[in-house]
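Let me begin by presenting the structure, written as structure tokens, before commenting on it.
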Amino acid sequence: MRPLDITEVVRRSGVAASTLRFYEEKGLIASIGRRGLRRLFSPGVFERLALIALGRGAGFSLAEIALMFAPDGQVRIDRKMLTAKAEELDKTISKLGVMRDSLQHAAACPAPSHMECPNFRRYLQSAAARKFTEPKGRTKRQR
């Protein structure tokens, strides 16, 4: 397998050269040498970039993603960290669901004014308390 210069990695991965240099600075990827002023990478860089993209998509920070790579370059994903992130995502999904439902209710609310709607007022109280949860006394049918 021949080394790939940074231009080829950019072209094939769609990741900007500045991002590749940043990832290298952070220890997420490593160049294997240079050809003139251009960094060279092994073909395995694409797998690492895919893992970084997957981690970023799931909401992991670059520091958390860095922990997924052993010093020898092998992947070592902590299952507890994955479980914790999945639980965090579940909470976020739940909050977003409530926000979506409150927006849908506000858009279709038959009350003359939103401020006259008891459901809308409960959503306001919930938002003021920064507890984006389903207002008490509300069922899915009332949405």
What nm distance separates the two modelled labels at V10 and E47, each placed 7 Å from Cα along Cα→Cβ?
2.6 nm
Proximal lysine pairs, the chain, alpha carbons under 21 Å, eight or more residues apart or interchain:
10
Degrees between helix 79-108 axis and first principal axis of the chain (Cα, 0 to 90, nearest 10)
40 degrees
Expected field for H114, accessible surface area in Å² at 1.4 Å probe radius, rounded to 10, holds 80 Å²
Hand me the trypsin sites (Lys or Arg not before Pro) from segment 50-122 located in a DSSP loop with no more than 10 other Cβ atoms within 10 Å, in residue order please.
R76
Which length gain, in nm to one decimal place, applies between M81 and A107 when the Cα-Cα distance is subtracted from 0.36 nm times their residue separation?
5.5 nm
With axes computed from alpha carbons, what is the tilt in degrees of helix 118-128 against the longest principal axis of the chain, rounded to the nearest 10 within 0 to 90?
40 degrees
Once R0 is set to 41 Å, what does the formula 1/(1 + (r/R0)^6) return for the Cβ-Cβ distance between Q125 and A66, expressed as a FRET efficiency to the nearest 0.05?
0.50
Counting only Cα atoms, I'd like the Rg/Rh figure for the chain, Kirkwood definition for Rh.
1.24
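The values are calculated or read from the model by the stated rules, or taken from the named source; none is laboratory data. Note that the structure is a prediction, hence the values are computed from the model and not measured. Every residue, glycine among them, receives a Cβ derived from its backbone with ideal geometry; neighbour counts consider all protein chains shown. These accessible areas exclude ligands, DNA and RNA; they are computed on the full protein's heavy atoms, side chains included. Shrake-Rupley method; radii C 1.70, N 1.55, O 1.52, S 1.80 Å.
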